[in-house]
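What follows is a set of notes on a single structure, which appears directly below.
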Amino acid sequence: MLVSQFFSVLLLVFFILAVGPLYKRKVVRISGPSFGRMRKAARIMNEFHHQVRRFLFVMLLGALFVGILTWLAFLALGVEQAMFWGVIAGVASAVPYLGPFLVFIGTGIAAFIQFGEVNTAIIVASTSLAITSVQGYLLTPWLTSQVSTLNPVAIFVGLLFWGWLWGPVGLIIATPILMILKSLCDHVVNLRPVGELLGK
């Protein structure tokens, strides 16, 4: 189920990228005959693009933070394949809550198999959890607040809704969808009350 959802989202992203600016031109064309409305539609589409780019940049920084710190911490603890676990932790950090939890379980089991001690396994697993917690609760929210105008409650509710609807894939796309929705609401007069609820 998770794999099929993941590949479905990948295919969707691929097709959207493959058509290039086609949909941007279509949206501008159907926005209305007046030049002002067409220019406004183009501005909204450009803002969507910038919002997604900012979110991806935040995700990249968070993944690098988790990956490098996990690698260094596991090297210090003597965990085998420390770099491998750093890469896994960095990639998994893109999935809020579920990714760090799976890494916590996986590193705990791997450490127990390697060292044969429950205490050491708990230390290794707790280290990975501490690093992802710093990223998830401090670094990413701070960076997201710098690049968007969403409030934390809106982000949390969005994560709950999209996580319920699409599982782990929904957790990944929840924040960019909210950023796009907020941007749209800010530009459409009738939707500005919704944008106000989503904003800081």
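The values are calculated or read from the model by the stated rules, or taken from the named source; none is laboratory data. Quick caveat, the model's predicted, so the values are computed rather than measured. Heads up, the Cβs are rebuilt from the backbone with ideal geometry, glycines too, and the neighbour counts pull from every protein chain shown. Remember, those area values only see protein heavy atoms, side chains included, never the ligands or the DNA or RNA. Shrake-Rupley method; radii C 1.70, N 1.55, O 1.52, S 1.80 Å.
Listed values, structure above:
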read-out	value
Residue-normalised accessible area of the stretch 49-160, given per residue in Å² at a 1.4 Å probe	56
Estimated inter-spin distance, residue 39 and residue 191, nm [label 7 Å along Cα→Cβ]	2.1
Taking the C-alpha atoms of the stretch 36-178, convex hull volume expressed per residue in Å³	108
Table column - 3J(HN,Hα) (Hz), the stretch 48-60, Karplus curve with 6.51, -1.76, 1.60, x for Gly and Pro	4, 4, 5, 4, 5, 4, 5, 4, 4, 5, 4, 4, 5
Sequence-separation-based contact order of the stretch 124-200, relative, with Cα cut under 8 Å and 6+ spacing, percent	27
Portion, in percent, of the accessible area of the stretch 73-200 that falls on carbon or sulfur, probe 1.4 Å	76
Segment residue 53-residue 160, extension gain: residue separation times 0.36 nm, minus the distance between their alpha carbons	36.2 nm
Length gained when the stretch residue 91-residue 75 is fully extended (0.36 nm per residue, less Cα-Cα span)	3.9 nm
Low-density loop cleavage sites - chymotrypsin sites (Phe, Trp or Tyr not before Pro) in the stretch 95-138, where at most 14 other Cβ are within 10 Å (DSSP)	97
Relative contact order for the stretch 52-200, counting Cα pairs under 8 Å that sit 6 or more residues apart, in percent	21
